[in-house]
1. Answer yes or no: is there a residue in the range 183-194 that is farther than 16 Å from Q117 by Cα and touching a Pro at 6+ places or on another chain (Cβ under 7 Å).
2. Counting only residues that are out of contact with any helix residue (DSSP H, G or I) (no Cβ under 9 Å at 6 or more places or on another chain) and modelled with pLDDT of 95 or more, which one in the range 110-120 is surrounded by the fewest Cβ atoms within 10 Å (Cβ to Cβ)?
3. Keeping to the range 94-109, report how many residues are surrounded by fewer than 16 Cβ atoms within 10 Å (Cβ to Cβ) and either among the charged types (D, E, K, R) or in a loop (DSSP other than H, G, I, E, B) (or both).
4. Can S197 be described as within 14 Å of the ligand (Cβ to nearest atom) and either touching a residue at least 24 places away in the same chain (Cβ under 8 Å) or buried (at least 22 other Cβ atoms within 10 Å of the Cβ) (or both)?
5. Would you be able to say whether some residue in the range 111-131 is among the small types (G, A, S), under 22 Å from G199 (Cβ atoms) and not in a helix (DSSP H, G or I)?
6. Of everything in the range 167-209, what is over 16 Å from the mean Cα position of the chain (by Cα) and among the small types (G, A, S)? Give them in sequence order.
Amino acid sequence: MPSPQPLTLKDRVISIQRSLPGSVRLIAVSKYMPAALIREAYDAGLRDFGESRVQEAIQKQAELQDLSELTWHLIGHLQSNKAKLAVRHFDWIHSVDSLALAQRLNRLVESEQHSPQLCLQVKPLPDPDKFGWTFAGLKADLPALKACAHLHWRGLMTILPMGLSSHEILNAFHETQQLAQDITQQFPEDFTLHELSMGMSNDYQLAVQAGATMVRVGRRLFGDRPLP
Ligand SMILES: *Cc1c(COP(=O)(O)O)cnc(C)c1O
């Protein structure tokens, strides 16, 4: 669990921002939280918000239409029947986790005339409970992913299994960074994977040490979530 939190949301925003290098983007994970809380976080200076469910995010976006410069990040598994709405309503999709989804997004981006920034979700360690490519699986799919000519690949995203030591966490994040670098070197025309979406409340400091450019922090900002 996150350690005891300073009093106000604004205090927590400031303390987390202070602990991050200026180049790392703090994505406030607002899933299951009301739009009013996003508004409060916006007033405290945050602009990037992460949601795990498309419909829930669209509802909040409607309530927050008056706020400018909000950037919406989809971080949860995307079902294919929600892909069209996701393309329309998100600036970033971190959770592209299969070739079939990528191919669907490729068709939708063309017809919707809106092209979110995309990350490929990978699993540096075996984890049957999570979506995403194993490293070997991703390498095998790269030629087919390259053929998705309308997509803008920006980086890799990873969620680690629970219960790892700090050493194991750091290793897994480093391996993800290395994979992004290898792919970018090998296919510079098709993949510029400079973004690393790694780290959540419990491990974002380690992720930053390993080169994360985006951290996704929920509970440490907003406290415990209500159950979905
Ligand atoms: C919920 C969630 C987070 C935030 O987790 P916290 O532990 O609350 O910081 C980050 N990334 C993803 C993909 C999530 O689903």
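1. No, that holds for no residue.
2. Step one: of the range 110-120, the residues out of contact with any helix residue (DSSP H, G or I) (no Cβ under 9 Å at 6 or more places or on another chain) are 110, 113, 117, 119.
Cutting the leftovers down to modelled with pLDDT of 95 or more gives us 117, 119.
Values: Q117: 17, C119: 27.
Selected residue: Q117.
3. 1
4. Numbers: within 14 Å of the ligand (Cβ to nearest atom): yes; either touching a residue at least 24 places away in the same chain (Cβ under 8 Å) or buried (at least 22 other Cβ atoms within 10 Å of the Cβ) (or both): yes.
So S197 passes the test.
5. Our first condition is that a residue be among the small types (G, A, S); within the range 111-131, this holds for 111, 115.
Pick out the ones that are also under 22 Å from G199 (Cβ atoms) and you get none.
No, that holds for no residue.
6. Answer for the range 167-209, where residues must be over 16 Å from the mean Cα position of the chain (by Cα) and among the small types (G, A, S): just A172.
Conditions (1) within 14 Å of the ligand (Cβ to nearest atom); (2) surrounded by 15 or more Cβ atoms within 10 Å (Cβ to Cβ); (3) not hydroxyl-bearing (S, T, Y), marked per residue:
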{"site": "K146", "(1), (2), (3)": "no, no, yes"}
{"site": "W153", "(1), (2), (3)": "no, yes, yes"}
{"site": "E175", "(1), (2), (3)": "no, yes, yes"}
{"site": "I183", "(1), (2), (3)": "no, yes, yes"}
{"site": "T192", "(1), (2), (3)": "no, yes, no"}
{"site": "A210", "(1), (2), (3)": "no, yes, yes"}
{"site": "M214", "(1), (2), (3)": "yes, yes, yes"}
{"site": "R219", "(1), (2), (3)": "yes, yes, yes"}
{"site": "P226", "(1), (2), (3)": "yes, no, yes"}
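Here is a yes/no grid of residues against (1) surrounded by 17 or more Cβ atoms within 10 Å (Cβ to Cβ); (2) within 21 Å of the chain's Cα centre (by Cα):
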{"site": "A28", "(1), (2)": "yes, yes"}
{"site": "L46", "(1), (2)": "yes, yes"}
{"site": "Q55", "(1), (2)": "no, yes"}
{"site": "E63", "(1), (2)": "no, no"}
{"site": "T71", "(1), (2)": "no, yes"}
{"site": "G76", "(1), (2)": "yes, yes"}
{"site": "Q79", "(1), (2)": "no, yes"}
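The values are calculated or read from the model by the stated rules, or taken from the named source; none is laboratory data. Not measured: the values here are computed from a predicted model. Every residue, glycine among them, receives a Cβ derived from its backbone with ideal geometry; neighbour counts consider all protein chains shown.
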